[in-house]
Amino acid sequence: MIKNRSIKFLAAIMALICVIVPCLTSCLPTDLGEDMEEVKEHTLDFLREIKKGDYEEAAKYLHPERPADLQRYFENIEEDRGIDFQSGITVKGYGSMGSNTYFGESDVTESYINLYLEVSGKELHVYVVVMDNPQGYGICEFEIY
């Protein structure tokens, strides 16, 4: 009798999982291709401006709600790490990428990308978040670690 209940309970749980998992995964973005290519290109254009030392032009790639003193930020990194962004920035690879659309606010999307860069012979890991919302489109987080 107990085995029969356990089997029925497990069968009910498995059936529930078979219904819930597809529902949850259907909420996730399924085609990141085009959006992620745009995020990658936006980030690479930003880095091209940093390499040129044109911080004013690079600031145009930031999200309007997240302005930053880019010259100070990158000069501090150069000093701390003993590197020079103007000597060249090489993208060695990409790590995880993804995109989230916020429920209830379908007009707000955050996409993220991890980059592996080489600058002055040193490897840098970079985490970038690009936000798209009614206020604009652009980089809202750029963290070198």
Practice item. Can you tell me which residue within region 102-122, out of those that are surrounded by 14 or more Cβ atoms within 10 Å (Cβ to Cβ) and touching a helix residue (DSSP H, G or I) at 6+ places or on another chain (Cβ under 9 Å), is modelled with the lowest pLDDT? Key: Thr109
Review point. What strands (runs of 3 or more DSSP E) completely inside region 32-145 contain at least 2 residues that are in contact with a Leu (Cβ under 7 Å, 6 or more places away or on another chain) and in contact (Cβ under 8 Å) with a residue 40 or more places away in the chain?
Key: 89-101, 122-133, 136-144
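Quick grid of which residues meet (1) farther than 23 Å from Glu37 by Cβ; (2) surrounded by 14 or more Cβ atoms within 10 Å (Cβ to Cβ); (3) among the polar types (S, T, N, Q):
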{"residue": "Phe74", "(1), (2), (3)": "yes, yes, no"}
{"residue": "Gly82", "(1), (2), (3)": "yes, no, no"}
{"residue": "Ile89", "(1), (2), (3)": "no, yes, no"}
{"residue": "Leu124", "(1), (2), (3)": "no, yes, no"}
{"residue": "Val128", "(1), (2), (3)": "no, yes, no"}
{"residue": "Asn133", "(1), (2), (3)": "no, yes, yes"}
{"residue": "Ile139", "(1), (2), (3)": "no, yes, no"}
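The values are calculated or read from the model by the stated rules, or taken from the named source; none is laboratory data. No experiment lies behind these values; they were computed from the predicted model shown. We place every Cβ from the backbone using ideal geometry, glycine too, and count neighbours over all the protein chains shown.
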